[in-house]
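Visitor: Dropping a structure here in structure tokens format, bear with me for questions.
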Amino acid sequence: MIELKNVAKNYGLSALGLYSESAIINTGEIVGILGENGSGKTTMLKAIMGLCDIQYGEILIDGRPVFEQYDRMAFITCEGSYFPNMTPYEYGNFLAEFFPSFDMDRYWNLIKFFDLDYLKKIKTFSAGQKAKLEVSAGFSKGAKYILMDEPFLGSDMFTRRDFLKLLVSDFREDETILISTHFIDEIENIIDRAIILRYGRIKADFYIDDIKNQGKTLADIMTEVKKVLSKSKT
């Protein structure tokens, strides 16, 4: 379980990342962290991962501080953490040495699933292929908490479609996934829950099944949040 307790993060005197926000994310959930650019999505994920200092509040992973749980967490971004001069084969061997819980079988299954050439230099890959490699590595580190910050920004629709197939077929019940993305229509049928951020605040937090029972879509809720905020300013 991930617990955020009154977490605040400011960038300088004017830029706000998160404003005293609290949330509980249960084990086994796939959660979409949604919102416009500058809403606080990346700040929230980096704070949970321990990649940025927070001014106030506390973040706990299974009741323990983040820095005690690094070996149980993976962070995946469109920027990638691979070594461009390596091949996927070399990169996999490196990760296996660096991460004691690295699952080499899962890594190779994902490399095959994404149809990546394991002997080709990573620097020669397309943006979509690099994104697939990053996902393959992130999902194989043995982490129980997988945080994804716009992992397919700039990638083609086929890359995103392959990833959605992966989530459906390869997701393990003891894993928890947080994914920040702009492609809400594509993930609506994959995520269990959505947290919508705006101006550093959590403006909505709900389960997808609940809004479906109301006859609404994820896009409908996003629009409603914008309308409520617009009215509050007038």
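Computed from the coordinates by the stated procedures, all read-outs in this text should not be read as laboratory data. Quick caveat: nothing in here was measured; it's all calculated off a predicted structure. A quick note on method: Cβ atoms are made from the backbone with ideal geometry, for glycine too, and the neighbour counts reach across all protein chains shown.
Visitor: What number of residues within the range 48-95 satisfy the criterion of being among the acidic types (D, E), part of a helix (DSSP H, G or I) and over 19 Å from Y145 (Cα atoms)? Can you show your working first?
Guide: Initial filter on the range 48-95 (among the acidic types (D, E)): 53, 58, 62, 68, 71, 79, 90.
Of the ones still in play, those that are also part of a helix (DSSP H, G or I) are 68, 71, 90.
Now narrow it down to the ones that are over 19 Å from Y145 (Cα atoms): 90.
Going through the range 48-95 one residue at a time, the tally reaches 1.
Visitor: Here is a further query. Give the residues of the range 167-184 that are of a type in the set (V, I, T) and surrounded by 13 or more Cβ atoms within 10 Å (Cβ to Cβ), sorted by residue number.
Guide: T176, I177, I179, T181, I184
Visitor: Something else: Given the structure, is T181 under 21 Å from T42 (Cβ atoms) and among the β-branched types (V, I, T)? Give the derivation first.
Guide: Numbers: under 21 Å from T42 (Cβ atoms): yes; among the β-branched types (V, I, T): yes.
Judged against the criteria, T181 is a match.
Visitor: Inside the range 147-188, can you point out the residues that are over 18 Å from K132 (Cβ atoms) and in a helix (DSSP H, G or I)?
Guide: I184, D185
Visitor: Moving to a separate point now. Let me confirm something: among Y118, Y107, which residue is surrounded by 15 or more Cβ atoms within 10 Å (Cβ to Cβ), touching a Leu at 6+ places or on another chain (Cβ under 8 Å), touching a residue at least 12 places away in the same chain (Cβ under 8 Å) and aromatic (F, W, Y)?
Guide: Working: Y118 fails: touching a Leu at 6+ places or on another chain (Cβ under 8 Å).
Testing whether each residue is surrounded by 15 or more Cβ atoms within 10 Å (Cβ to Cβ), touching a Leu at 6+ places or on another chain (Cβ under 8 Å), touching a residue at least 12 places away in the same chain (Cβ under 8 Å) and aromatic (F, W, Y) leaves just Y107.
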